[in-house]
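To start, the structure under review is shown below, and the notes come after it.
The values are calculated or read from the model by the stated rules, or taken from the named source; none is laboratory data. None of these values were measured; they are calculated from a predicted model. With ideal geometry, Cβ positions are generated from the backbone for all residues, glycine too; neighbour counts draw on all protein chains shown. Just the protein is used for accessible areas: all its heavy atoms, side chains included, with ligands, DNA and RNA removed. Shrake-Rupley method; radii C 1.70, N 1.55, O 1.52, S 1.80 Å.
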Amino acid sequence: MVLNDDQILEILKKPRNSSIAPWRDEHNVLDIYVNGGDVASELEKIRNYENEAQRKLREKVARSTKDKVHNLLSPINKVFNANGGSIQIEGLSDKFKEEFEAHIDQLPEGISMREWMESYWKDAFVVDPNSIILVETDKEGKKAYPTYKNINVIHDYELEWDSFKYLVLEHGEIEVETDGEKEKKKVYRIFDDVKDVLYYVHNDQLKPYGNRKGVDGFKDDHLLQHNYGFVPAIVPGGIVDKVTKGKKPFLHKVDEALKEYLRSASVFVIYKFLHLFPKWWYHAMKCVTCEGQGQIANPNVDERTTKPYITCPTCHGSRLKKVTDVSDGISLPIPKEGQPMLGNNVAGYIDTPINAWKQMKEDLQDSEKDMQFTLWGAYLVDQEDKEKTAYETHINVQPINEQLHSVSRCGETKESQLLTFMAQIMYKKEAKVDSRWGKRFLIETPDALWKKYMEAKEKQAPVTTLDYHYEQYLMAEFQNDLTMLEKRKKIFSIEPYPHYKLMDMVNEEQKNKKLVFSQWINTDIDLDLEADKLKADFEKYYSENKPEIAGNVNQNQINENS
C-alpha cells in the first residue's frame, strides 16, 4: 500500500487502528509484573480494610512480582538452548549465502540473530505482542538488521493477515513558531511499500520534517524512497486475539492472577511489618526523678513564684519510668504465704500469633503453583513429596514440552520472516530464508536424567532406549559446554558396549575390548578428530595391545583406568 499526503494527514490526526490504546495499557501493566516499575499504580485501596495512610504505606513497601515471573517463565529459556535446528537460504548465490550467514552471526549490536531473538523477541512475545520488529539498514543501505519498536511509540498500523500495509511511529517532538509563540509538535515516521518519511502537522497541514536523523530545514531529505514493495516488519506475538484482531501476550492466561498475587503479597508485607515484630512488656516502675510523685520542687522558686512544684520533666507527670536501662533492677516485695512468686512474670515478650502469617504464605505459594499449571500444564517442581531430594525430584515434562514446541514454532516463523526481509533488502532479490529451531528441550536436571538412565539399565531396557537416555543426560550435563558435549558423544560412540560392565561380557573378545578401551582413553588422544578417525585409531591400538589371555581382570581395574 502506498499512502498519499491526504491519507497520511488523516491518519496522523486520527489513527485508524482503535486497538493501539488498549494494547498500550495491557503492555504497561504486564511490564510492571515482569520487569518491575511503578508497582503502586497497580495497588488500589482495599475498602473497609485500610485507611489512606495505610494504603500509602503498603504502596511504599510493596515489591514487584518480577522475581516470581522470572521463575514462572524460566522454561522459555530452554527454547534457545535446545539442540538441533538449521537455516536454509534460497535464491542467493553461494557467495552471497556465505556473506549473509556471516552477517546474521554478527549483527551490528555484536550478537547473533538467535541471540537478538532471545534478547528482544522473547520479551515482546511475553508482554508486548502487538509491538513491531522493523528491519532497517545502515547509512549506506548495505546491511539490514532488526529493530524493536515498543507499542508506546506506535501511532498506527494496518495489517492484512501478517503483512503490513503501512505503519506510523512517533519519532519525537519539535518546537515550531506560530504567531510569534513556540509550541511543541509531534514528529511521525510513516513507512509504506515505497517510502520511509518524516512528517508533522501544523495548522492542519502536513509538513515534512528534516531527514531521518531529525535535522530540520531540508526539503527533500525527509523522504527515503526505498521501493521495497513491502513493509519489512512483523508483530512479535503469535497467539491470536479474536476480539481485537491482534495478538495476545504469552502471559494473558495469568494476568489477573498476577494482579491478585501482587495485592496479596503487599498485604503480607504490611502484616509482617506491623505484627511480626516482638513486643516487649514489663510492669511499670516509678520514675526515679520524682520518685513516683509526678512533681519535683521548682529549682527557680523565689518570693514572686507562686508554684513551689513543677511537673516532672522526665515522666511528664505520669509518675512512671518511660525508658528502662538494661542495668536497672526491679525491687519486688517478699511474697507472703499464699502469694505467687513474681520473678518470672514481671517482664517478657508478647507472643505474636503466626497462624495468619502461615496461611498468607501458603496462599501465595498456592497462587504460584496455580499460575505454573495454568501457563505450562504442569508444576515446574514436584510439590507432592516434600521429602524428595533435588536428585529425586521429577516433573511432568510432556505438557511443558508441548508449550515449548508452540513457542519455538512461533519464534522460528518470526525469525524466518525477518531473515527473508533482510536478505531481500541486502541483495535486491527474491531470497527466502527458512529458519528451524531445535526441539530437544532439556527441562530435567542431569541428576534426574541419570537416574532415569540407571533405572532403565536395571530394568534391562533395549539398547536403543539406553542410548536415548544416556544422550539426554549428556546434553543436560554439558548444555553450556558444547565442545565437551561433542567430545563425550564421540567417546560414547567409540566405547565398546558402553552400557555394560566387564562382568556382563559373554566372551573373551568383548572383555578384551572393554579392558583395552579403558587404557586407550587415558592415552594422549586428540578428541577434536572426527569420530570415524578416532574409532580407527582405537581399533589400531586394540590390535597392537590386545592381551593374549584376558587374565584376572575385574571391574575395579577398569574403573581405575577410566
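Which pairs, out of Lys489/Lys546; Lys78/Lys432; Lys95/Lys429; Lys60/Lys361, put more than 23 Å between their alpha-carbon atoms?
Lys489/Lys546; Lys78/Lys432
Taking all protein chains as shown and a probe of 1.4 angstrom, Glu115 keeps an accessible surface of around 90 Å². Taking all protein chains together and a 1.4 Å probe, the residues Thr465, Thr311 rank Thr311, Thr465 from largest to smallest accessible area.
For Tyr309, the amide hydrogen comes within under 5 Å of the amide hydrogens of Asn298, counting only partners 5 or more places away or on other chains and with H modelled in the peptide plane. Computed with every protein chain present, the accessible area of Ser119 is close to 60 Å² [probe 1.4 Å].
Between Met503 and Ala102, the modelled label-to-label distance comes to 5.9 nm, taking each label 7 Å out from Cα in the direction of the beta carbon.
Ligands, DNA and RNA excluded, the heavy atoms of Val153 present near 50 Å² of accessible surface to a 1.4 Å solvent probe.
Phi angles of region 355-371 translate, via the Karplus equation with coefficients 6.51, -1.76, 1.60 and θ = phi - 60°, into HN-Hα couplings of 4, 5, 4, 4, 5, 4, 5, 5, 4, 5, 5, 5, 5, 4, 5, 4, 5 Hz per residue; Gly and Pro are given as x. Taking amide H as placed 1.01 Å from N in the peptide plane, Asp241 has its amide H under 5 Å from the amide H of Gly246, Lys247, Lys248, each at least 5 places away in sequence or on another chain. Residues Glu471, Glu98 ordered from highest to lowest accessible area at a 1.4 Å probe: Glu98, Glu471. Taking Lys and Arg as +1 and Asp and Glu as -1, the other residues whose beta-carbon sits under 11 Å from that of Ala124 total +1.
Ranking request for peptides 473-482, 356-365: highest mean number of other beta-carbon atoms within 10 Å first, then the rest in descending order.
Packing order, densest peptide first, comes out as 473-482, 356-365.
Accessible surface comparison of Glu256, Glu170, probe 1.4 Å, protein chains only, largest first: the order is Glu256, Glu170.
Residue pairs exceeding 22 angstrom between C-alpha atoms, taken from Lys490/Lys514; Lys143/Lys185; Lys501/Lys535; Lys149/Lys414: Lys143/Lys185.
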